[in-house]
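Chemist: I am attaching a structure below and will ask some questions about it afterwards.
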Amino acid sequence: MADRQPRDRIERTRAPAAATAALLSKLYAENADSLRSYLTGVLHSAADADDVAQEAFLRLHRCRDLSVYKNLRAVLFKTAYRLALNVIRRRRTNPLDRAHAMLEGAAEEPMQAATAEEELIASEQEALYLQALDRLSPRCRQVIELRTVAELSYKEISDTLGLSVSTLEKHVVRGKRACAEVLADWRMVAA
């Protein structure tokens with residue numbers, strides 16, 4: 001009986017993950033080109049559009065269960081739009097980013113690869129973050145994903161879920177606190 005309980009938990013987590021992967025694959029096949037085209041118009045840079053599109057799909061990939069969203073395409077485009085706004089803001093404040101947008105065709109220096117230790121730390125932290133999210137109630141987890149992954153405002157989340165802004169803020173605080181506690185415990189053990 002003790003062996004069966006962890007296996008049941010693993011099977012329950014695989015089912016949403018498989019459904020999410022299938023939804024994400026379909027979403028990518030149907031919307032990748034139109035998303036890149038849209039972002040190129042917003043950013044005036046094909047390279048930045050590709051980066052933002054990839055980041056938008058990556059953020060949706062981090063969601064536990066995409067089936068809870070009624071219009072996944074809208075969530076994808078809204079996430080990408082908000083990421084594009086971040087790029088535009090960064091261009092305004094960083095002259096190097098402005099120059100990069102103008103010199104898009106110029107060769108860029110290759111990025112330095114992360115060390116094995118950095119990759120291990122990042123993967124451990126991500127696993128802990130996902131564990132912390134798993135401990136939250138489904139509604140709290142959904143609010144956290146809409147706020148952090150889709151980068152929706154409290155007003156937009158309120159309209160989507162039909163919850164008050166103060167309730168949403170409480171869910172976000174609860175989620176952040178849970179993640180912070182898990183990471184703090186990990187840092188104490190690692191030190």
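The values are calculated or read from the model by the stated rules, or taken from the named source; none is laboratory data. Predicted model, so just to flag it, every value in this text is computed and none were measured. A quick note on method: Cβ atoms are made from the backbone with ideal geometry, for glycine too, and the neighbour counts reach across all protein chains shown.
Chemist: What residue, among those in segment 58-79 that are in contact with an Asp or Glu (Cβ under 8 Å, 6 or more places away or on another chain) and surrounded by 21 or more Cβ atoms within 10 Å (Cβ to Cβ), is modelled with the highest pLDDT?
Modeler: Thr79
Chemist: Let me ask another. Sort out which residues of segment 152-175 are among the aliphatic types (A, V, I, L, M), in a helix (DSSP H, G or I) and in contact (Cβ under 8 Å) with a residue 24 or more places away in the chain, and write them in order of number.
Modeler: Passing the criteria: Leu168, Val172.
Chemist: Mind checking which pairs have a first residue in segment 69-93 that is within 12 Å of Phe57 (Cβ to Cβ) and a second that is basic (Lys, Arg) and crowded, with 17+ Cβ neighbours inside 10 Å, Cβ under 6 Å, 6 or more apart or different chains?
Modeler: As it stands, the answer is Thr79/Arg59, since those pairs meet every condition given.
Chemist: Of Arg187, Arg147, which residue is assigned to a helix (DSSP H, G or I) and surrounded by 12 or more Cβ atoms within 10 Å (Cβ to Cβ)?
Modeler: Going through Arg187, Arg147 in turn, just one is assigned to a helix (DSSP H, G or I) and surrounded by 12 or more Cβ atoms within 10 Å (Cβ to Cβ): Arg147.
Chemist: How do the pairs read when you match residues in segment 25-48 that are closer than 19 Å to Val75 by Cα with residues anywhere that are of a type in the set (S, T, N, Q) and loosely packed, with under 14 Cβ neighbours inside 10 Å, using Cβ under 9 Å and keeping only pairs 6 or more apart or on different chains?
Modeler: Listed pairs, sorted by first residue: none to list.
Chemist: Separate question: Within the group Gly162, Gly175, which residue is on the phi > 0 side of the Ramachandran plot and either at pLDDT 80 or above or aromatic (Phe, Trp, Tyr) (or both)? Please lay out each step first, then the result.
Modeler: On the way: Gly175 fails: on the phi > 0 side of the Ramachandran plot.
Within the list Gly162, Gly175, the selection yields Gly162.
Chemist: When you scan segment 34-68, how many residues do you find that are part of a loop (DSSP other than H, G, I, E, B), within 17 Å of the chain's Cα centre (by Cα) and either of a type in the set (Lys, Arg) or under 16 Å from Tyr81 (Cβ atoms) (or both)?
Modeler: Of the residues in that region, 2 qualify.
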